[in-house]
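Remarks on the structure that follows.
Rule-based calculations on the coordinates, nothing more; no lab input. Quantities reported herein were computed from a predicted structural model and do not represent experimental measurements. A quick note on method: Cβ atoms are made from the backbone with ideal geometry, for glycine too, and the neighbour counts reach across all protein chains shown.
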């Protein structure tokens, strides 16, 4: 309960911080229209359905609402991303399905907080500010492949196993290792991990790591 409360507080804090720094009134996607490639959004973007952003810059952060699904491709978000329970986030991957990688690269400044998503796939993204993913449902297989993360990464309470680097994802796509410039913590979950570089500690609490390829860990390792 304490971990869940902390994650929800983090979501609220991220939304409030980004909203306060917005340059203009926010927008909604897709209900307010899907921004065209090359667009710049000066304010917070609310995702209230299936929203596919390609080559878009968001200056006030993003909130993915319940039943919202965001596919971020070749785009930049300043102000972080918050996903509330029931939302979906796919970085450089298709959405509302198996999360097929698109071969693109996106950047998120301000961190990412995801709580009880319907699906979450992070591919080849650059994230500054760390990431938190807490709770998944019985249909969710979280995937994190080929990302570069600055800040602490926290993964907790996965109903099914997660893939953090390690050869292939559950759909059979090649999954490159991640670079974590900070500590990684795993709580109440099972994770496949391989080919990752962790410039900090790898810390486990009631978790199992299945090593699919060697990981490079510069700090303490309490997982295996």
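What fraction of the DSSP beta bridges in the chain is antiparallel, stated in percent and rounded to the nearest 5?
If I count the DSSP bridges inside the chain, around 5 percent turn out antiparallel.
Please state the relative contact order of the chain as a whole percent: Cα pairs under 8 Å, 6+ residues apart?
In percent, rounded to a whole number, it is 11.
Along each of the three principal axes of the Cα atoms of the chain, give the extent in whole Å, ordering the values from largest to smallest.
Cα extents, longest axis first: 48, 35, 31 Å.
Considering only DSSP beta bridges whose two residues both sit in region 120-204, what percent are antiparallel, to the nearest 5? Before the final figure, lay out the partial values.
Values: 2 of 30 bridges.
In region 120-204, DSSP labels about 5 percent of beta bridges as antiparallel.
Between residue 218 and residue 138, 0.36 nm times their residue separation minus their Cα-Cα distance comes to what?
Computed gain between residue 218 and residue 138 is 25.5 nm.
Please figure out what share of the DSSP beta bridges in region 80-175 is antiparallel and state it in percent, rounded to the nearest 5.
Numbers: 3 of 30 bridges.
Bridges in region 80-175 that DSSP calls antiparallel: roughly 10 percent.
Shape of region 158-224 from its Cα gyration tensor (a ≥ b ≥ c, root eigenvalues): rounded if a/c is under 1.5, otherwise prolate when a/b > b/c, or oblate?
On the way: a/c = 2.09, a/b = 1.19, b/c = 1.75.
Oblate.
Using helices alone, I'd like the mean residue ellipticity at 222 nm for the chain: each DSSP H run of four-plus residues gives -39500 (n - 2.57), total over residue count, nearest 500. List each step's numbers first, then the result.
Working: 1 runs with 19 residues, N = 224.
Taken over the chain, the calculation gives -3000 deg cm²/dmol.
Shape verdict for region 62-166, please, from the Cα gyration tensor: rounded (a/c under 1.5), prolate (a/b greater than b/c) or oblate.
Rounded, because the longest to shortest axis ratio a/c is under 1.5.
If I build a Gaussian network model for the chain, linking alpha-carbon pairs within less than 10 angstrom, which residue out of 38, 111, 79 has the largest mean-square fluctuation?
Evaluated over the chain, the most mobile residue of the options is 38.
Against the longest alpha carbon principal axis of the chain, how many degrees, from 0 to 90 and to the nearest 10, is the axis of helix 2-20 turned?
Value to nearest ten degrees: 30.
Explain nothing, just the number: relative contact order of region 49-153, from Cα pairs under 8 Å at least 6 residues apart, as a whole percent.
After rounding, I find 21 percent.
What order do you get for 182-194, 198-210 when each peptide is scored by the mean count of other beta carbon atoms within 10 Å, highest first?
Answer by packing, highest mean first, reads 182-194, 198-210.
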